[in-house]
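> Quick one: this structure, given as structure tokens, is what I'll be asking you about.
The values are calculated or read from the model by the stated rules, or taken from the named source; none is laboratory data. Predicted model only: the values in this text are computed from it and were never measured. Reconstructed Cβ throughout: ideal geometry from the backbone, glycine too, with neighbour counts over all protein chains shown. Heavy atoms of the whole protein, side chains included, go into the accessibility calculation; ligands, DNA and RNA do not. Shrake-Rupley method; radii C 1.70, N 1.55, O 1.52, S 1.80 Å.
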Amino acid sequence: MMRRMDLSPSVYEHAAAVIGRTPWEVSRDPELLFAGHAAAYRLYRHTPIMPGIDIYNLEAEAYGAKVENPGGTGIPAISKPICRSAADLLELEPLNPRIAGRIPMVIQVATRLAKAFPETQVRVPVSGPFSIASNLVGFETLLCDVAAQPDVVAAALMHLVRGQLAFTEEIREHGLDIAFFESAACPPLLSPANFRRLELPALKALLGGMAEILGHPVPCIIGGDTAPILDAMLETGTSYVVAPYETNQEVFVRKIWDRTDIRIRVNTGSEIISRGPWEAIQADADRILRIVAGRPNVCMGTGALPYETPPENVLRLMDYVRER
């Protein structure tokens, strides 16, 4: 008998589809953002609720980057970098989360969701420093700076930590929690050696500071091929990690098998659950169940559900996993 576990779908732009609106519309309107995530929760009863659509744009926009309407059901994106190099990041004033961009709106919506659904968790999406830097500088330029000016990049990442800690303080003052995301820093985009050298000091400072503010360790959610950087991720003191679909999940889980104090979320492929057929969805779920069989403190995730994901696919998978 395989160990029973829950499915934790990640709902962002998919919340707009649930109410029949575009990601752009919902991302800019607090009433629609609340309505979309409330409707998604009533549908899936998932935890946590993480109110947002284009979650990696939030801080970059607050620093002055412009988010463009992609049209149709596309996900809003930063139109162009506002910094010429990583050195320019050192000149930025830290975020003031009470007035910066859409941050106050997202906190307001999260507060409403927490009051409306006290039985579940609500976590405000917060980005890591490398993800913010890649949006502000541009990914190719930032990688060139990693090669040519690594010390400047390290200093710039640490500089961005200050604003994220202020963001965390504001979230705590509203009685909310955090979902932390840093997928731009994953291999092969950033090598494991550069992750440890440049990213890890800022990550440890940020997650350590967040844990001190909130009174508990913060989940460290990094997408991509993360098995090669798992040991470094654990040095942040996190108590929750994700084995993304893009990595060798069996290797990832075995590396952390004995650390049962740390919760592992093993993600199924978002395109599989979005497109099906059911036989493919079931087969991938069975694969994950085999990988984690006998290991406590695990759950299954979906990655970010694509906008067009049929809700019946998610609901059927949730039922299937809970019956194992």
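> Show me the helices (runs of 4 or more DSSP H) found entirely inside region 1-77 where at least 1 residues are among the basic types (Lys, Arg) and open to solvent by 10 Å² or more (accessible area, probe 1.4 Å).
Numbers: elements: 14-18, 23-28, 30-44, 58-62.
Hits in region 1-77: 23-28, 30-44.
> What is the one condition in (1) modelled with pLDDT of 95 or more; (2) of a type in the set (Gly, Ala, Ser); (3) touching a Pro at 6+ places or on another chain (Cβ under 9 Å) that Ser270 does not satisfy?
For Ser270, the exception is condition (1).
> Quickly run through region 108-162 and pick out the residues that are assigned to a loop (DSSP other than H, G, I, E, B) and either open to solvent by less than 10 Å² (accessible area, probe 1.4 Å) or in contact with a strand residue (DSSP E or B) (Cβ under 8 Å, 6 or more places away or on another chain) (or both). If you could, list the steps in order and put the result at the bottom.
Filtering region 108-162 down to residues assigned to a loop (DSSP other than H, G, I, E, B) leaves 117-121, 128, 138, 149.
Phe117, Thr120, Gln121, Gly128, listed by residue number.
> Go through region 86-107 and give me each residue that's crowded, with 19+ Cβ neighbours inside 10 Å and farther than 17 Å from Ile171 by Cα. Write out each step before concluding.
Filtering region 86-107 down to residues crowded, with 19+ Cβ neighbours inside 10 Å leaves 86, 89, 95, 97, 100-103, 106-107.
Matches in region 86-107: Ala86, Leu89.
> Name the single residue, out of those in region 292-308 being assigned to a loop (DSSP other than H, G, I, E, B) and in contact with a Pro (Cβ under 9 Å, 6 or more places away or on another chain), that is surrounded by the fewest Cβ atoms within 10 Å (Cβ to Cβ).
Initial filter on region 292-308 (assigned to a loop (DSSP other than H, G, I, E, B)): 293-297, 305-308.
Next cut, in contact with a Pro (Cβ under 9 Å, 6 or more places away or on another chain) only: 305, 307.
Values: Leu305: 25, Tyr307: 20.
Only one residue tops the list, namely Tyr307.
> Just need a number here: residues in region 163-184 that are in contact with a Ser or Thr (Cβ under 7 Å, 6 or more places away or on another chain) and open to solvent by less than 60 Å² (accessible area, probe 1.4 Å). First the steps, then the outcome.
At the first step, the residues of region 163-184 found to be in contact with a Ser or Thr (Cβ under 7 Å, 6 or more places away or on another chain) are 174, 176, 178, 181-184.
From the residues that got through so far, the ones that are open to solvent by less than 60 Å² (accessible area, probe 1.4 Å) too are 176, 178, 181-184.
Qualifying residue count, region 163-184: 6.
> In region 82-107, which residues are assigned to a loop (DSSP other than H, G, I, E, B) and hydrophobic (A, V, I, L, M, F, W, C)? Walk me through it before giving the result.
Restricting attention to region 82-107, the residues satisfying the condition of being assigned to a loop (DSSP other than H, G, I, E, B) are 82-85, 90-102.
The answer is Ile82, Cys83, Leu90, Leu92, Leu95, Ile99, Ala100.
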